[in-house]
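Peer 1: Can you read through this structure? Questions will come right after.
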């Protein structure tokens with residue numbers, strides 16, 4: 001059964017079919033709805049949805065390549081040329097990602113312009129099948145309880161399953177996916193880390209310690225370098241000096257008469 005029109009009942013809507021495909025302008029309404037079929041599809045446009053899935057697969061490949069370009073071990077770089085190649089590879093991968101993202105956006109815009117299938121019940125909705133697929137922003141809705149039972153899988157891909165009451169899903173495999181989600185890594189800021197040198201000379205008082213390269217002299221002499229950095233001395237408060245007063249003992253004399 002393929003529905004692109006309106007199926008509506010004031011009370012119970014019961015559908016039994018080998019397959020049910022409800023898409024685009026298809027709407028199935030009722031106070032209570034019960035559908036039993038081998039495969040149930042509630043969707044928007046099968047061809048466009050398949051194309052979106054294909055374009056999203058390509059976009060993911062571009063995202064993986066961009067991520068790989070970012071993840072190169074930059075600690076192994078030994079020259080500015082290595083850095084330039086690294087940035088160029090990122091730029092190339094990012095341009096490829098952006099171009100594919102535009103293709104995805106075009107397909108998404110086509111899908112957004114189309115209506116989606118709706119199966120909605122005022123009190124209770126029950127679907128039974130080997131597989132149930134709800135996609136393309138289609139809607140499965142119940143004003144009360146909603147029940148989905150599948151022998152193989154229930155797949156909700158970029159669509160909605162909503163109920164004002166309870167939702168029951170019984171299936172060996174349940175997929176709830178975003179049909180068009182993607183993310184790419186971007187460089188927001190770069191920073192040049194200072195070059196540091198480690199002193200490995202045995203017995204040296206600073207052996208094993210690292211210091212900025214500018215603290216060394218004769219680095220390119222071929223005979224080793226000298227760490228010429230002198231640590232800053234602590235600044236002390238100005239001292240106040242006062243002259244020391246010398247005390248003298250007084251003499252006492254006695255007059256005799």
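The values are calculated or read from the model by the stated rules, or taken from the named source; none is laboratory data. Model, not experiment: these values are computed from the prediction. Cβ atoms come from the backbone with ideal geometry, glycine included; neighbour counts cover every protein chain shown.
Peer 1: I'm trying to understand the selection: among the residues of region 134-157, which are surrounded by fewer than 23 Cβ atoms within 10 Å (Cβ to Cβ) and over 14 Å from residue 29 (Cα atoms)?
Peer 2: If the condition is that a residue be surrounded by fewer than 23 Cβ atoms within 10 Å (Cβ to Cβ) and over 14 Å from residue 29 (Cα atoms), then 137, 145, 147, 148, 149, 150, 151, 152, 153, 155, 156, 157 are the ones that fit.
Peer 1: OK, next. So residue 116 clears everything in (1) in a strand (DSSP E or B); (2) buried (at least 18 other Cβ atoms within 10 Å of the Cβ); (3) touching a residue at least 60 places away in the same chain (Cβ under 8 Å) except one condition, right? Which one?
Peer 2: (1)
Peer 1: Here is a check on your reading of the model: is residue 248 modelled with pLDDT under 75 and closer than 30 Å to residue 58 by Cα?
Peer 2: no
Peer 1: Which one of the conditions (1) in a strand (DSSP E or B); (2) touching a residue at least 40 places away in the same chain (Cβ under 8 Å); (3) surrounded by fewer than 19 Cβ atoms within 10 Å (Cβ to Cβ) does residue 41 fail to meet, given that it meets all the rest?
Peer 2: Status for residue 41: all satisfied but (3).
Peer 1: Among the residues of region 119-155 satisfying the criterion of being outside any strand (DSSP E or B) and over 32 Å from the mean Cα position of the chain (by Cα), which is nearest to residue 168 (Cα to Cα)?
Peer 2: Here the residue is 144.
Peer 1: Can you tell me how many residues in region 5-26 are within 38 Å of the chain's Cα centre (by Cα) and either more than 25 Å from residue 151 (Cα to Cα) or outside any strand (DSSP E or B) (or both)?
Peer 2: The number of residues fulfilling the criteria is 3.
Peer 1: Would you mention how many residues in region 33-48 are within 30 Å of residue 145 (Cα to Cα) and in contact with a helix residue (DSSP H, G or I) (Cβ under 7 Å, 6 or more places away or on another chain)?
Peer 2: Looking only at that region, the number is 3.
Peer 1: Here are some residues: 6, 58. Which one is at pLDDT 95 or above, surrounded by fewer than 16 Cβ atoms within 10 Å (Cβ to Cβ) and closer than 27 Å to residue 102 by Cβ?
Peer 2: Exactly one of 6, 58 is at pLDDT 95 or above, surrounded by fewer than 16 Cβ atoms within 10 Å (Cβ to Cβ) and closer than 27 Å to residue 102 by Cβ, namely 58.
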